[in-house]
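Everything on this sheet refers to the single structure shown next.
The values are calculated or read from the model by the stated rules, or taken from the named source; none is laboratory data. Every value quoted in this text rests on a predicted model; they were computed, and no experiment measured them. A quick note on method: Cβ atoms are made from the backbone with ideal geometry, for glycine too, and the neighbour counts reach across all protein chains shown.
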Amino acid sequence: MYLYNLTLQQATGIVCAINGSFSGGKSQEIVVARGKVLDLLRPDDNGKIQTILSVEVFGAIRSLAHFRLTGAHKDYIVVGSDSGRIVILDYNKEKNVFDKIHQETFGKSGCRRIVPGQYLGIDPKGRAVMVGACEKQKLVYVLNRDTSARLTISSPLEAHKSHTIVYSIVGVDCGFDNPVFAAIELDYSEADQDSTGQAASEAQKHLTFYELDLGLNHVSRKWSEQVDNGANMLVTVPGGGDGPSGVLVCAENFVIYKNQGHPDVRAVIPRRADLPAERGVLIVSAAMHKQKSMFFFLLQTEYGDVFKVTLDHDNDRVSELKIKYFDTIPVSSSLCVLKLGFLFAASEFGNHGLYQFQAIGDDPDVESSSATLMETEEGFQPVFFQPRGLKNLVRIDQVESLMPIMDMKVSNLFEEETPQIFSLCGRGPRSSLRILRPGLAISEMAVSQLPGVPSAVWTVKKNVNDEFDAYIVVSFTNATLVLSIGETVEEVSDSGFLDTTPSLDVSLIGDDSLMQVHPTGIRHIREDGRINEWRTPGKRTIVKVGSNRLQVVVALSGGELIYFEVDMTGQLMEVEKHEMSGDVACLDIAPVPEGRQRSRFLAVGSYDNTIRILSLDPDDCMQILSLQSLSSPPDSLLFLEVQASIGGEDGADHPASLFLNTGLQSGVLFRIVVDMVTGQLSDARSRFLGLRAPKLFSVAVRGRRAMLCLSSRPWLGYIHQGHFLLTPLSYETLEYAASFSSDQCAEGVVAVAGDALRVFTIERLGETFNEMTIPLRYTPRKFVLQPKRKLLVIIESDQGSFAAEEREASRKECFEAAGMGENGKKEMENGGDDEDKDDPLSDEQYGYPKAESDKWVSCIRVLDPRTTETTCLLELQDNEAAFSICTVNFHDKEYGTLLAVGTAKGLQFWPKRSFSAAYIHIYRFMKDGRSLELLHKTQVDGVPLALSQFQGRLLAGIGPVLRLYDLGKRRLLRKCENKLFPNTINSIHTYRDRIYVGDVQESFHYCKYRRDENQLYIFADDSVPRWLTASYHIDFDTMAGGDKFGNIYFVRLPQDVSDEIEEDPTGGKIKWEQGKLNGAPNKVEEIVQFHVGDVVTCLQKASLIPGGQESLIYGTVMGSLGALLAFSSRDDVDFFNHLEMHMRQEHPPLCGRDHMAYRSAYFPVKDVVDGDLCEQFPTLPMDLQRKIADELDRTPGEILKKLEEIRNKIV
Amino acid sequence: MQASDRFNINSQLEHLQAKYVGTGHADMNRFEWAVNIQRDSYASYVGHHPILSYFAIAENESIGRERYNFMQKMLLPCGLPPEREDD
């Protein structure tokens, strides 16, 4: 089995983010690392975040930093990754790519303890960069410019210190003195030797300054001083005239200002009043904002509260450090303050936010200061505050993030053409169920009913230079309706259009006149109102029309073509007639090329399953240039011109080309390249779009021509970042469409469907899925689908939170307290108070209050996804939390389908896993499955992490025990068990009499149940320890699994072993009793292995296109979705293997990690071709593309076609 | 084997031990070995963001807190060292 891996949805979570001006000038951009993807984002004028560039780097990005050389106008990006290399990137605005400026190797690849890459510190003046590891190693590179102003990088200077753990590294701002870097270090050498524990308890963190002597080219330890033992992060303080220099040390509960030769200035971080006393407050992200006259810091705690930190200083003496409560936003992994007055918060989990500053926290608020710091016998006096509504920030945009995907299932619950992906995302109060559909989201602007059922719609401008359309013309079976577009859209009768007849085409002709083609003639409406009519000869009628701005061809019944051109005076003149052999099915004229009088090509589709390209040049007018036969009669034709591009923000390097698209009656879209000189046809591609013949229309997308195909659902064909994408729209079936442009909507589409006229715009181009979000209460764990009743049952549980009633009570208390306080204060506060009432401390924003770690909250929810309504919600009581769920039909069928839920009470992971009790609940469905009723619960002796139905009974994985239960009246009845599993069972799949058990550390175990002897036994297991996080049953002998380290693998029981077991009357039992190597007698073989680079949490086999081949879909913690598709032919395997090999050679990954090594990070990659790498082929320069294509004995076009074909097989 | 060779191998080993933390030696005890493995593991967790997030979800803590906890655990990952036997 050979598989093709393709990422369908790139990771949406963010590891770290930096902001700067990467394209130069005044622009403000954000570079975000999403694990293995590097993105460049930019907020546009409307405050919406746009993705400008996205590159998969095939390596784990761990840290990012940016720097600017003195006097330069743009920032460079430094990437710390797992490649053992330092990489400096420059964003190339013209080509829209990251250019690798420098790549210097310093160590082994992989995320290792002593190989730098974890931390990056930058000299604020851009003269040096320090790259550090978790332990020991730190390297400094000097950055400089050569004579032609190119960036140079020195050889590394070592600043190592053995036996030292490093917590954070930053560059210290000391103006143009020698660059200094600060690090928080902890020496463990003594603690490792001292068995009394005294050295360990005395171990002290130090703040160390490393100075790079630019004269001597040497790094020395300049200064080292003890620092609070809770220190975890450093923040640079401006220096060199802008501030006092030095660093802020963020420690648990404190922020401390430190500098060489300066006494510590310490202030406590205010605590939430409801925080348990044993919990500290840790700063997890920070941002500094510097203006000419002032600077401040925004520090965010692990609970989401943002504090503004300011320093009172006199030159370089800091007198006071103030920490003021600013606002509360979801916990972020990075904060970026943009110069435009925006704050970009890259959330740890869930959607990222873009906020606008309303104020910078100058109003009075809870504040702690170094001046009022009180030290008592129990330590420093805490300062308390109560979170409130946003005061200084306002959210203006959010970027969707699926991180983390906890569980996912693909099913066609809504009975649409393609199945939906149901995914459980997010954590705590920000969790949600997201229903993903392949396709682009649209936003509907208007729907209006029309007097009849329209057959077609057009939009026209009055003049070529107009920006917006003037009329919408709607044709009915016996009339035409003209609507004028202005402030409102209303019917007009003075437009000159004939309204008593249906229309076949309406368009702008020449510079400023309009044309209406109706069955008996052509009506030409001049700008001054004069009307010219051309009538069809005899009783013949016009059946089809093709036109561009200067040329019109009409096809009469019987197959006669008449060709008109617009002459110099703007008259429409008949030029040529041509008799076709039979009726014309469809026709189209290519758009007039820039600077030309006419287009040379007319395409005519006939019912004899052919398309002909006819010339329109005067010297060979109506000559057939080429002919293409088709599999079924054509129904619609459209020429699509792709302009030449040299890259830039939305295109890769490619020459101009002309495509002829044909919608066939069989529902297939046929796409072929037309040679722009000779009209020869080549490179045909076809794709099935739906059950109806696609009708093709030209629309504008981001200023370029794109194609709308209306089959049983609408599709959009457009170019995105150099790829031609054909993507379905998530919208109902449309009959006819036209592009629409008006004041309110620059790039829209007007379409007719049924008796309604619809105006909509297409959003989020480039995305594969559009999502519908249903909020949930706690972190979702697992869910089951009930396909018949079309309901979902979801279990949600959270550790360390208060139960709903307790939360409600404490919130009430808090509001009362706040209300009391505010009433006592001035009127001024009322404004803010009102806002609070609109949004009374939404948990989504503030998170649930923290409780002790042995407290759990959990619920079981029955959800109807169509109405998004929760039909039943059961909160579990007394620290009980649900971990596993399944539906089960017991063989006595008394109750029909029942629901089994595995729970644990007071579960704790630390210091050792413990719990006070564990149960399996059995619920019965009431009210047609919309409600649950507890039948009984059975106490068990371990946490049931896996449940499954098996032969009319319930199989449960309880700790290391696999147990079979039957349903009793009061409780479940034990029937059989096997205690031989190594650790903890976390998944059970069954098929016929086999049971496939997944162990949390030890991969799969294949078991059998012998009914006659009532025995469960393991007959095969895996020889590799795998920390399973996801599993899926593929076939009788094969299982697919995902492990904690980011691998996907397939194991299969060898055929002979499988046969032997099936044939053996004892079912391999005799052999089983012998065992092998402390395990089962048979071992499964690994047949597929692939490193995804992200923890896979769910797997499912499904087909995302109607009638397509099934692929294995996976979802990951970082919120990405991917698919593994099995190749169906040996030729394809060879082709893609070779393409991958050449891509590895010619296009090594951006951040310096070797592609093959990355995909084999834990185990050697086996039989998987990486489609993500192959799909980078179109981004290569033309000559490289040709070189690779030559080696493969193909043309670049053929390779692109192959890539497109295989992608279309998946989604 | 000649004496100079032996010296060479020893010095090479010493060099390796100095350069690569965790390189073992003949007298390494169970505790030292375990400490190394644990520190390597924690460093790997901190380096791989998806794994760190996975732990953060399990413990319902923020990723930043989880990273800090792992770094803290690198000090004494396996508890106190055993008492030394007399050399």
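Observations on the model:
- Condition met for residue A:198 (exposed (fewer than 14 other Cβ atoms within 10 Å of the Cβ) and within 11 Å of chain B (Cβ to nearest Cβ)): yes
- Residue among A:677, A:701, A:668 that alone is under 29 Å from residue A:475 (Cβ atoms), more than 27 Å from the chain's Cα centre (by Cα) and outside the structural domain of residue A:1175 (by the TED database): A:668
- Residues that are without any contact (Cβ under 8 Å) to a residue 40 or more places away in the chain and in a strand (DSSP E or B) were ranked within the range A:499-527; the one that is farthest from the chain's Cα centre (by Cα) is A:521.
- Condition check for residue A:306: touching a residue at least 12 places away in the same chain (Cβ under 8 Å), within 14 Å of chain B (Cβ to nearest Cβ), in a loop (DSSP other than H, G, I, E, B) and within 26 Å of residue A:372 (Cβ to Cβ): no
- Considering residues of the range A:1091-1134 that are among the charged types (D, E, K, R) and part of a loop (DSSP other than H, G, I, E, B) only, the residue nearest to the other protein chains (Cβ to nearest Cβ): A:1094
- Residue satisfying condition, being closer than 30 Å to residue A:1028 by Cβ and either aliphatic (A, V, I, L, M) or in contact (Cβ under 8 Å) with a residue 40 or more places away in the chain (or both), within set A:414, A:349: A:349
- Residue within the range A:446-467 that is under 30 Å from residue A:49 (Cβ atoms), assigned by the TED database to the domain that holds residue A:534 and in contact (Cβ under 8 Å) with a residue 60 or more places away in the chain present: yes
- Checked across the range A:838-854, the condition of being among the hydroxyl-bearing types (Ser, Thr, Tyr), under 26 Å from residue A:411 (Cβ atoms) and either at pLDDT 95 or above or in contact with a strand residue (DSSP E or B) (Cβ under 7 Å, 6 or more places away or on another chain) (or both) holds for no residue.
- Number of the condition not met by residue B:50 [criteria: (1) closer than 29 Å to residue A:1092 by Cβ; (2) assigned to a helix (DSSP H, G or I); (3) more than 7 Å from chain A (Cβ to nearest Cβ); (4) out of contact with any Cys (no Cβ under 9 Å at 6 or more places or on another chain)]: (3)
Yes/no per residue for (1) acidic (Asp, Glu); (2) surrounded by fewer than 22 Cβ atoms within 10 Å (Cβ to Cβ); (3) part of a strand (DSSP E or B):
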{"site": "A:390", "(1), (2), (3)": "no, yes, no"}
{"site": "A:402", "(1), (2), (3)": "no, no, no"}
{"site": "A:423", "(1), (2), (3)": "no, no, yes"}
{"site": "A:433", "(1), (2), (3)": "no, no, yes"}
{"site": "A:443", "(1), (2), (3)": "no, yes, yes"}
{"site": "A:459", "(1), (2), (3)": "no, no, yes"}
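- Residues of the range A:201-214 classified as part of a helix (DSSP H, G or I) and within 11 Å of another protein chain (Cβ to nearest Cβ), total: 1
- Restricting the range B:53-87 to residues that are among the aromatic types (Phe, Trp, Tyr) and either closer than 19 Å to residue A:164 by Cβ or part of a loop (DSSP other than H, G, I, E, B) (or both), the residue that is nearest to the other protein chains (Cβ to nearest Cβ) is B:68.
- The one condition in (1) in contact (Cβ under 8 Å) with a residue 60 or more places away in the chain; (2) closer than 18 Å to residue A:1187 by Cβ that residue A:1144 fails to fulfil: (1)
- Filtered residues of the range A:8-35 (kept if in contact with an Asp or Glu (Cβ under 7 Å, 6 or more places away or on another chain), over 18 Å from residue A:348 (Cβ atoms) and either in a loop (DSSP other than H, G, I, E, B) or within 14 Å of another protein chain (Cβ to nearest Cβ) (or both)): A:21, A:22, A:23
- Test: residue A:453 is of a type outside the set (Asp, Glu), assigned to a strand (DSSP E or B) and under 30 Å from residue A:526 (Cα atoms): no
- Matching residues in the range A:332-344 - criterion: being within 13 Å of another protein chain (Cβ to nearest Cβ) and of a type in the set (A, V, I, L, M): A:335
- Per this entry, residue A:617 is not counted among residues that are surrounded by fewer than 21 Cβ atoms within 10 Å (Cβ to Cβ) and touching a residue at least 60 places away in the same chain (Cβ under 8 Å).
- Close pairs from the range A:120-144: first within 13 Å of chain B (Cβ to nearest Cβ) and within 22 Å of residue A:17 (Cα to Cα), partner of a type in the set (Lys, Arg) and assigned to a loop (DSSP other than H, G, I, E, B), Cβ under 7 Å, at least 6 apart: A:133/A:113; A:134/A:113
- Qualifying residue in the range A:596-605 (condition: surrounded by fewer than 16 Cβ atoms within 10 Å (Cβ to Cβ), within 25 Å of residue A:511 (Cα to Cα) and out of contact with any His (no Cβ under 7 Å at 6 or more places or on another chain)): yes
For (1) within 21 Å of residue A:1101 (Cα to Cα); (2) among the hydroxyl-bearing types (Ser, Thr, Tyr); (3) touching a Leu at 6+ places or on another chain (Cβ under 6 Å), each residue gets a yes or a no:
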site	(1), (2), (3)
A:1115	yes, no, yes
A:1128	yes, yes, no
A:1143	no, no, yes
A:1191	no, no, no
A:1195	no, yes, no
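- Exactly one residue out of B:24, B:47 is under 19 Å from the mean Cα position of the chain (by Cα) and surrounded by fewer than 19 Cβ atoms within 10 Å (Cβ to Cβ), and it is B:24.
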